[in-house]
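As structure tokens, the structure follows; a few thoughts come after it.
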Amino acid sequence: MKTPRPVTYICRSLLLAALVIHTATAADRSALKDAYQEHFLVGAAINRTIALSASIQANNVRRNAEQVGKDIALTKEQFNQVSPENDLKWQLIHPREGSDGYDFAPADAFVNFGLSNNLYLVGHTLVWHSQTPNWVFAGTNPPPPTDSDAAAGGPGRGFGRFGYNGPRASREELLQRMRDHIHTVVGRYKGKVKAWDVVNEALADGGTNVLRNSLWLQIIGPDFIVKAFQFAHEADPDAILRYNDYGLENPAKRKKLIALIKELQAQKVPVHVIGSQAHVNVGTSFETMDQALAELKTLGLPIHITELDVNSAQGGQRNTAADVSANALATQGGLVSEADERLADAYAGLFRAFLKHRDTVKVVTFWGVNDAVSWRASGKPLLFDGNNQPKPAFDAVIRVAAEPTLKP
Ligand code: XIL
């Protein structure tokens, strides 16, 4: 005859079972970095709250202390690479002129976070038309007359809300500022930050001009790109130097990228990697990404997917442009119908394409760790929701890693 078990015993067993179940879900959750370990690094852009482990306002991000703790835990669990979402941009790290015009603390925190967690560090970004303070372009040369400015695309066009229309620096002054900035920033993190986005988004959207009508182009001329790469190479000869841009899924933009990189290669400019931002939308198919990667590969350089996210907002379905000045438009209108399923399908197709081209794709970075901290939060573009719970798209990406891979 069975002896009845004492209540305390039953309670203890239940508690133990609950504990086991709980730890099992946390420990058993697959990690993106492990699933793709043999093929490429999987990373995320992190913002200042994560780098500093602090509940502070950082650009579009507002997280309480508990949420920050969970965002950090998720970052460590899932990723083996990090990029700084904002803190290495000129406006943040070098807001004022002169050698004492740098604010290194948040960037230092980013680098320390990466080093102490054994993460591959990318630096983003050295030369860009956006998030660059006005003083960089300011000087005593009169700005061009309005009509020639208009002929070049209209005042401020292409500069977004960071436009500067006052008297300008000379070519020599601007080159000197660029050199000082690159030497200081790249030099400070030499050997720690392994890869740099040296020039970001220099290509024009639409039209026949290859280069964007930026102040860099207007003041220095087209060789501003060559100079930026040369300065970065001088500052850290071992660093991997990337040219980074968006919309390369679009054949016309890709053609411009290929023309630009061939020109740089002909001039023996030290450009080592093509950075494809991949701010895409739920309509982006395997075929689209496959075609893009197949063509980009002809340049003979490794490819890094640098800012991956898949916009599910109605406003973002027309194209995959990612100009920061048009971001509000791209995330409005509510989500597409069946957004979760469509997101999962799109991510599965994208990762099949990355795997097919695994001989060339060496890093895949998500632009944010979860939907709540995303620059496109209302487009819910990432694999984890605002509570860091995996979405169906996460499972889809993990499943694809186990599929037989396609031949490149
Ligand atoms: C975005 C950040 O995510 C935002 O927080 C910031 O307000 C604007 O810039 N292409 C890039 C990134 O190269 O630097 C941009 O990041 C997104 C588009």
One would report the antiparallel percent of DSSP beta bridges in region 262-402, rounded to the nearest 5, as 15 percent
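So if each residue of separation counts as 0.36 nm, and I subtract the Cα-Cα distance between residue 59 and residue 267, what length gain in nm does that give? Write out the running numbers ahead of the final one.
Values: separation 208, 0.36 × 208 = 74.88 nm, distance 3.82 nm.
So the extension gain works out to 71.1 nm.
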Bin width 10 Å, origin at 0, all Cα-Cα pairs of region 268-408: what percent of pairs per bin? 12, 43, 33, 11, 1
Rounded to the nearest 20 debye, what is the charge dipole size of region 322-380 about its Cα centre when +1 sits on each Lys and Arg Cβ and -1 on each Asp and Glu Cβ? 260 debye
List the GluC sites (Glu not before Pro) within region 19-128 that DSSP assigns to loop and that have no more than 11 neighbouring Cβ atoms inside 10 Å. 38
For region 393-402, in order, what is each residue's ³J(HN,Hα) by Karplus, 6.51 cos²θ - 1.76 cosθ + 1.60 with θ = phi - 60°, in whole Hz (x at glycine and Pro)? 5, 5, 4, 4, 5, 5, 4, 4, 4, 8
Mind checking the angle between helix 65-78 and the chain's longest principal axis? C-alpha axes, 0 to 90 degrees, to the nearest 10. 90 degrees
In whole Hz and in residue order, list the ³J(HN,Hα) couplings for region 374-383 that follow from phi through the Karplus curve 6.51 cos²θ - 1.76 cosθ + 1.60, θ = phi - 60°; x for Gly and Pro. 5, 5, 10, 3, 6, x, 5, x, 10, 8
Hey, what number do you get for the chain at 222 nm if only DSSP H runs of n ≥ 4 count, each worth -39500 (n - 2.57), divided across all residues, to the nearest 500? -12000 deg cm²/dmol
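Exposed loop trypsin sites (Lys or Arg not before Pro) only (DSSP loop, at most 11 other Cβ atoms within 10 Å): please give the longest stretch of the chain free of them, not including the sites.
Numbers: sites that count: 2, 96, 268, 318.
The longest such stretch corresponds to 97-267.
Suppose every Lys and Arg Cβ carries +1 and every Asp and Glu Cβ carries -1, with no other charges. What dipole size does the chain come out with about its Cα centre, to the nearest 20 debye?
580 debye
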Amide H within-cut-off set for residue 120, under 5 Å, with H built and near neighbours excluded: 81, 82
Leaving ligands, DNA and RNA out of it, rank 306, 184 by accessible area with a 1.4 Å probe, largest first. 184, 306
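With a 1.4 Å probe and all protein chains in place, put 304, 233 in order of accessible area, largest first.
Details: 304 10, 233 70 Å².
The ordering from most to least exposed comes out as 233, 304.
Provide 320, 208 ordered by accessible surface of protein heavy atoms (probe 1.4 Å), highest first. Don't skip to the answer; put the middle values down first.
Details: 320 20, 208 130 Å².
The ranking, largest first, comes out as 208, 320.
Roughly how many percent of the accessible protein surface of the chain is carbon and sulfur, given a 1.4 Å probe and a whole-percent answer?
Values: 9600 of 17810 Å².
Solvent-exposed carbon and sulfur of the chain make up 54 percent of the total.
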The base-10 log of I(q)/I(0) that the Debye equation returns for the chain at q = 0.09, 0.11, 0.13, 0.15 Å⁻¹, one scatterer per C-alpha, is -0.55, -0.81, -1.13, -1.50
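In region 288-370, which GluC sites (Glu not before Pro) fall in coil by DSSP and have 13 or fewer other Cβ atoms within 10 Å? Display every interim value, and only then the final one.
Numbers: sites: 295, 307, 338, 341; in loops: 338.
Passing both the DSSP loop test and the Cβ count: 338.
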Where the chain is the region considered: accessible area per residue in Å², 1.4 Å probe: 44 Å²
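The values are calculated or read from the model by the stated rules, or taken from the named source; none is laboratory data. Because the structure is predicted, anything quoted here is derived from the model rather than measured. Methodologically, a virtual Cβ is constructed for each residue, glycine included, from the backbone with ideal geometry; neighbour enumeration extends over all protein chains shown. All accessible areas refer to the heavy atoms of the entire protein, side chains included, with ligands and DNA or RNA removed. Shrake-Rupley method; radii C 1.70, N 1.55, O 1.52, S 1.80 Å.
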